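Q: Take a look at the following structure, please.
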Amino acid sequence: MKMILACALAILTPLAALAQPPKVTDVAVQRDDMGWEFKVTVQHPDTGWDHYADAWEILSEDGTVLATRILHHPHVEEQPFTRSLHQIVLPDGTRRVFIRARCSTGDVSAPLTPVDLPF
């Protein structure tokens with residue numbers, strides 16, 4: 001019985017790590033000409049091309065995706081990592097947005113990360 005439990009744990013432990021959604025750990029935002037610059041830090045247990053954080057998104061308060069930063073490759077050896085988007089034009093009156101990260105298996109970060117724009 002102990003042998004069966006040990007084998008089950010050995011199999012399930014890596015699967016649990018793979019199931020972790022990406023996490024937004026930091027967001028910096030500032031004015032950028034006529035728009036905004038967002039620098040988003042993401043953490044995810046990337047394993048390679050089969051499972052990696054592949055994007056982060058800026059959402060409005062009603063959930064509309066306003067911009068997407070595609071992440072073109074895994075960051076297995078660089079965790080957490082920060083990437084930016086420049087000159088993002090937001091709808092008039094926007095005072096708060098939300099950031100979420102996603103991975104290549106479809107998992108998304110939760111909860112959404114709220115960001116109040118610095119005016």
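Q: List the residues whose amide H sits under 5 Å from the amide H of ALA67, counting only those 5 or more places along or on another chain, with H placed 1.01 Å from N in the peptide plane.
A: Distant-sequence amide H within range of ALA67: ILE58.
Q: Can I ask one more? Under the rule of at least 5 residues apart or a separate chain, name every residue whose amide H is placed under 5 Å from the amide H of LEU117.
A: So LEU117 has HN proximity to ARG96, VAL97.
Q: Can you compute 3J(HN,Hα) from phi for each residue in region 51-64, using the Karplus curve 6.51 cos²θ - 1.76 cosθ + 1.60 with θ = phi - 60°, rounded to whole Hz and x for Gly and Pro?
A: 7, 7, 5, 10, 5, 9, 10, 9, 10, 7, 5, 8, x, 5
Q: Moving on to the next point. Go through region 27-37 residue by residue and turn each phi into a ³J(HN,Hα) via Karplus (6.51, -1.76, 1.60, θ = phi - 60°); whole Hz please, and just put x for glycine and proline.
A: 9, 10, 9, 8, 4, 9, 6, 8, x, 10, 10
Computed from the coordinates by the stated procedures, all read-outs in this text should not be read as laboratory data. What you see is a predicted model, and the numbers here were worked out from it, not measured in a lab.
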